[in-house]
Amino acid sequence: MEELQASLQPRGLTLSTFPDKGRSLLAARDFYPGEVIISQEPYVCVPNNSLTESRCDGCFSKSNLKKCSACHVVWYCGSSCQKLEWKLHRLECQLLAKLDKERRKSVTPTIRMMLKLYLRRKLQNENVIPVTAMDNYNLVEALVSPILFSLKLEKDMSDIDEKQLLLYAQMANLVNLILQLPNIDIKEIAENFSKFACNAHTICDSELRSLGTGLYPVISIINHSCLPNAVLVFEGRLAVVRAVQHIPKDSEVSISYVETAASTITRQKTLKEQYLFTCTCVRCNKLGQYDDIQESAILEGYRCRDNRCSGFLLRDSDEKGFVCQQCGLIRNKEEIRKIASDIKALSDKALKCSSSGNLREALVLYKNIEKLQKEVCHPFSIILLRTWEKLLEILMQLEEWKEALAICRLTIPVYERVYPGFHPLLGLQYYSCGKLEWLLGETDDAIKSFTKAVDILRITHGTSTPFMKELLMKLEEARAEASFKLSSREDS
């Protein structure tokens, strides 16, 4: 790791190791909000291709795609992306072309990523692809494997699901069968699959829509916090980490591995299941304290039955109901259970309708779900927020712009509460609101929303990407339109 340490030094970074966290990335100088801390190209990556959707292997675009005529698995948007990937795909293509049609169907994006991992290692060993301090297989070997982690701590394997271990073994066998390379250990392949599970990153576009998966070994050194001081975004396939707070010299750089808009118990459960550790960040250290109990009850619990009261509920001592912590009213447990059961039944129907493309019927069902959730959920409930997000998605698809704007506006106060000030999701929600307001002629409101979006997203996304240039252009156009309307009124 000496080469990596030397490579990080000019970037104002240093590696350190802590007993409770393992490797960590520390700031060797001060970083300020919006400043790029580190960026890295993927060691390997794949688009999220499926039977219904395909993307270019080079740029993840969905436009002008042509399937590789030899392997019939990989797609490209043009010759430039094909040339970019050719050194690696040439070997992969030969292997995939040998498979029969049925076996080819079992080559999922995850299987492809593992194939590319070993083929890239081979090409680097042969000096076909250059090796650098930030781009070499040794960095992959140094990543934490849940399997090895459990053995190192002399645990049993109970933290890793037995079915998951069996799946890793089956996938490792398939990869070995396809590669047929000497000196490859099936056990090592299985361990690398477990590394993918807790080290690979979902590659997203600027609006945080999933495009693919990539392995970024240096970025993976950055540890988790539920109140991170940095954010990970992507510019094409390039992973970029930017500061969202002032990070003083000698402080640890942190990003969030999970959705932070959740109770401490939910976040801890997700981290334990996927990453096998218990978070001890400043938010998680409040677990069990009154403020944490209150926040959890608001985000994932129930509301007072008195609509005029904004209190939150906790179970009463005899577990027969829930007591409002503000006004003292008791809510019957059976009443809540009945409403929750009705919501579950409607949710199952709505999901089926949405999946089958029956958007009008799905819209009706989600509105009914929203009505029931309003009876039991706190106005700042994450559960209610997810229903609003689904309603917004459907209304946008149906081009019901006025109703979409009304729902989008409902989400803003919840986003402001559950996300820190410089969170990309908050900025993107302001942007969505602004676009709808501008479309409906509410120019002054659109300017306010666009301005709020820019204030956040210039920190998380920078200002030089096509996405940010488009946002800044929309803001300027909206201001020009407002100025024109004002001058027209003055002239008349």
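Yes or no, residue by residue, for (1) of a type in the set (D, E, K, R); (2) more than 30 Å from Phe380 (Cβ to Cβ):
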site: Arg209; (1), (2): yes, no
site: Leu215; (1), (2): no, yes
site: Ser225; (1), (2): no, no
site: Asn229; (1), (2): no, no
Practice task
State whether one or more residues within region 296-309 are open to solvent by 40 Å² or more (accessible area, probe 1.4 Å) and part of a strand (DSSP E or B).
Solution key: no
Problem - Answer residue from region 138-156, given it is open to solvent by 50 Å² or more (accessible area, probe 1.4 Å) and among the hydrophobic types (A, V, I, L, M, F, W, C) and is modelled with the highest pLDDT among those - result: Val144
Practice task
State all residues of region 173-197 that are in contact (Cβ under 8 Å) with a residue 40 or more places away in the chain and closer than 17 Å to Pro109 by Cα; if no residue qualifies, say none.
Solution key: Leu174, Val175, Ile178, Leu179, Ile189, Ala190, Asn192, Phe193, Ser194, Lys195, Phe196, Ala197
Fill in the blank from the handout: Within region 1-50, of all residues that are at pLDDT below 95 and among the hydrophobic types (A, V, I, L, M, F, W, C), the one farthest from the chain's Cα centre (by Cα) is Met1
Problem - Unique match (being touching a helix residue (DSSP H, G or I) at 6+ places or on another chain (Cβ under 9 Å), modelled with pLDDT under 90, over 23 Å from Arg104 (Cα atoms) and open to solvent by less than 80 Å² (accessible area, probe 1.4 Å)) among Asp159, Asp205, Asp135 - result: Asp159
Practice task
State yes or no: is Gly462 of a type in the set (Gly, Ala, Ser), free of Cβ contacts under 8 Å to residues at least 60 places away in the same chain, at positive phi and surrounded by fewer than 22 Cβ atoms within 10 Å (Cβ to Cβ)?
Solution key: no
Practice task
For region 74-106, enumerate the residues that are open to solvent by less than 30 Å² (accessible area, probe 1.4 Å), among the aliphatic types (A, V, I, L, M) and under 29 Å from the mean Cα position of the chain (by Cα).
Solution key: Val74, Leu88
Fill in the blank from the handout: Selection from region 232-242 of residues closer than 22 Å to Gly22 by Cβ and open to solvent by less than 20 Å² (accessible area, probe 1.4 Å) yields Ala239, Val241
Exercise for the section: Could you list all residues from region 261-280 that are surrounded by fewer than 18 Cβ atoms within 10 Å (Cβ to Cβ) and either at pLDDT 95 or above or closer than 20 Å to Glu300 by Cα (or both)? Expected result: Ile265, Thr266, Lys269, Thr270, Lys272, Glu273
Practice task
Looking for whichever is farther than 26 Å from Ala261 by Cα and hydrophobic (A, V, I, L, M, F, W, C) here; the options are Ile447, Ile459. Which one fits?
Solution key: Ile447
Exercise for the section: From the list Lys349, Lys249, Lys286, pick out the single residue that is open to solvent by 40 Å² or more (accessible area, probe 1.4 Å), modelled with pLDDT of 95 or more and closer than 30 Å to Arg29 by Cα. Expected result: Lys249
Exercise for the section: For region 419-430, indicate whether the set of residues that are over 18 Å from the mean Cα position of the chain (by Cα), surrounded by 19 or more Cβ atoms within 10 Å (Cβ to Cβ) and either under 22 Å from Val241 (Cα atoms) or touching a residue at least 12 places away in the same chain (Cβ under 8 Å) (or both) is non-empty. Expected result: yes
Fill in the blank from the handout: Exactly one of Leu471, Leu486 is open to solvent by less than 20 Å² (accessible area, probe 1.4 Å) and either closer than 30 Å to Ile37 by Cβ or part of a helix (DSSP H, G or I) (or both), and that residue is Leu471
Problem - Phe422 vs. criteria under 24 Å from Glu35 (Cα atoms), outside any helix (DSSP H, G or I) and in contact with a helix residue (DSSP H, G or I) (Cβ under 6 Å, 6 or more places away or on another chain) - result: yes
Exercise for the section: Could you tell me whether Glu370 is free of Cβ contacts under 8 Å to residues at least 24 places away in the same chain and open to solvent by less than 70 Å² (accessible area, probe 1.4 Å)? Expected result: yes
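The values are calculated or read from the model by the stated rules, or taken from the named source; none is laboratory data. Treat the numbers as computed from the prediction; the structure is a model and nothing was measured. Because the Cβ atoms are built from the backbone with ideal geometry, glycine has one as well, and the counts that use them run over all protein chains shown. Side chains included, ligands, DNA and RNA excluded: accessible areas come from the protein's heavy atoms. Shrake-Rupley method; radii C 1.70, N 1.55, O 1.52, S 1.80 Å.
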